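Read through the structure below, which is laid out as structure tokens, and then see the notes.
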Amino acid sequence: MADEKNALVELKGLFEEFKQTNDQREAEIKKYGEALSSTVEKLEKMNSRMDELETKLNRPAQGENKEVDPEVERKQAFDQYLRKGIEVLVPEKKALVTYDDTLGGYLAPGEYVREIIKGIVEFSPIRSVASIRQTSQRFVELPKKTGSIAAVWVAETGTRSETTGMAYGLENVPVHEMSAVVDISFADLEDSAFNMEEEIVNECSEQFGVAEGTAFVSGNAIGKPQGILTNEDIDYTASGDADEITADGLMDIFYDLKSAYANNAVWLLNRQTLKAIRKLKAGDGHYLWQPNIGLGTPPTICERPYIECVDMPDIAANAYPIVLGDFKRGYKIIDRIAISITRDNLTQASSGKCRFTARKRVGGQVVLAEAIRKLKIATS
């Protein structure tokens, strides 16, 4: 808890310094036509540090992992030296050399660590903001209102005429299937230092998350979910510049969304877009991006939270790098079958292999387009 409070204090202070440096950058651009490299480099470093602090503050609470303080380690080593002499600090000398296997190398094996080094698997966490429903069928039909009546004023004894216009339809959300097939030798399953069956399950789970996250953002609805960016009924707001995001563009899209949706809206954008937004100021000089104001409170853009989606496009002419919406109302995810993995010991047995087949059935679709709005990099 203390570390989180310290990180929050540092983030707030760093953001104030960031604003001052960014003001300096803008002044340099007006004076010289471009910002000084030292100013740009300083902004980059502060951006990176704010990312680290934000990640730390958003990390789920876990048991504390105590790291060894290098200064404490040096003091301990010096204390050992004073008590027992230099011998305690010098590695044990071997009579045989280790750089030649036949002269002693075989007798000094390295340490084998039972831990696989893995890079971070990034995916778009649309599930965290969308509406999710479980089903036991191959598709879900959602009744949808498509027309409304219009109320009219009448005199006290005037004739009341029937008002027409109420209409309803069905929004059909189909379920699609993902699969992955992994063959592994029986010998590897039996002799590996790792639980390879568990490793395969974890890998399939991660990659299914990557695939569905991409589909929820940009899927073409052909054999996969419909993406938010590919729905033709979602309207857009122009950024006001042919190549960049502007503060006015962000304010416009926020107020172009109906109030009922804007009050529950979340921004979707990637990390590079977030980096650009951190430098934007409204007309009164305040920054549109604001850091965490307290523990458990997320940072915001125009007072609304955001999530980083790796599948959102970068800022470029005619691209849609930002989406703002009430996704609980606007986007529906349908889960049919959670990840199912079947172990097949027979099909590949003649070649000494075991086959693992993983599958998942899930659907996704925009069900209320007016609850979502895109920002287009364009002048109009």
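Readers should treat all values here as calculations from the given coordinates under stated rules, not as data from a laboratory. What you see is a predicted model, and the numbers here were worked out from it, not measured in a lab. Backbone-built Cβ (ideal geometry, glycine too); neighbour counts: all protein chains shown.
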Once you list every other residue whose beta carbon is under 9 Å from the beta carbon of Tyr320, what net charge do they have if Lys and Arg are +1 and Asp and Glu are -1?
-> +2
Per-peptide average of other Cβ atoms within 10 Å, ordering 132-145, 224-237 highest first = 224-237, 132-145
Hey, in the GNM for the chain with a 10 angstrom Cα cutoff, which one of Gln20, Gln272, Gln207 fluctuates hardest?
-> Gln20
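Over 31 Å between Cα atoms, which of Lys5/Lys30; Lys5/Lys45; Lys5/Lys332; Lys12/Lys224; Lys56/Lys118; Lys30/Lys376 qualify? Kindly include the intermediate steps, with their values, before the conclusion.
Details: Lys5/Lys30 38 Å; Lys5/Lys45 22 Å; Lys5/Lys332 37 Å; Lys12/Lys224 42 Å; Lys56/Lys118 20 Å; Lys30/Lys376 27 Å.
Listed pairs above 31 Å: Lys5/Lys30; Lys5/Lys332; Lys12/Lys224.
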Lys281 paired with Asn58, simple spin-label distance in nm, labels 7 Å along Cα-to-beta-carbon = 2.6 nm
Take the alpha carbon atoms of the stretch 304-380, find their radius of gyration, then divide it by 2.2 N^0.38 Å using N residues; give the quotient.
-> 1.79
Once both labels are modelled 7 Å past Cα along the beta-carbon direction, what's the Leu142-Glu28 spacing in nm?
-> 4.8 nm
Relative to the Cα centre, what is the charge dipole magnitude of the chain, using +1 at the beta carbon of each Lys and Arg, -1 at the beta carbon of each Asp and Glu, and rounding to the nearest 20 debye?
-> 880 debye
Under a Cβ-Cβ cut-off of 14 Å, what is the net charge of the residues other than Glu177 that fall near it, where Lys and Arg count +1 and Asp and Glu count -1?
-> +4
Highest GNM mean-square fluctuation, the chain, Cα pairs closer than 10 Å: which of Asp243, Asp344, Asp335?
-> Asp344
Mind checking which of Thr357, Ile377, Gly165 is farthest towards the positive end of the chain's charge dipole, using Cβ charges of +1 (Lys, Arg) and -1 (Asp, Glu) about the Cα centre?
-> Gly165
Per DSSP H run of at least 4 residues, take -39500 (n - 2.57); add these up for the chain, divide by its residues and hand me the 222 nm value, nearest 500 deg cm²/dmol.
-> -10500 deg cm²/dmol
The chain - percent relative contact order, Cα under 8 Å, separation 6 or more | 21 percent
The stretch 321-380-the stretch 133-168 distance, computed between alpha-carbon centres (Å) = 32 Å
By per-residue mean of other Cβ atoms within 10 Å, what is the highest-first order of 33-44, 5-16?
-> 5-16, 33-44
Normalised per residue, the volume inside the convex hull of the alpha-carbon atoms of the stretch 229-335 in Å³ amounts to 129 Å³
May I ask you to list the residues of the stretch 119-154 whose amide nitrogen lies under 16 Å from a point 7 Å from Cα along the Cα→beta-carbon direction of Tyr168?
-> 141-149
In a Gaussian network model over the chain where Cα atoms closer than 10 Å are linked, find which of Ser351, Ser259, Ser179 has the largest mean-square fluctuation.
-> Ser351
Along the charge dipole of the chain, Cβ charges K/R +1 and D/E -1, which of Met50, Val266, Gly13 sits furthest on the positive end?
-> Val266
Chymotrypsin sites (Phe, Trp or Tyr not before Pro) within the stretch 292-380: which are DSSP loop residues with at most 13 other Cβ atoms inside 10 Å?
-> none
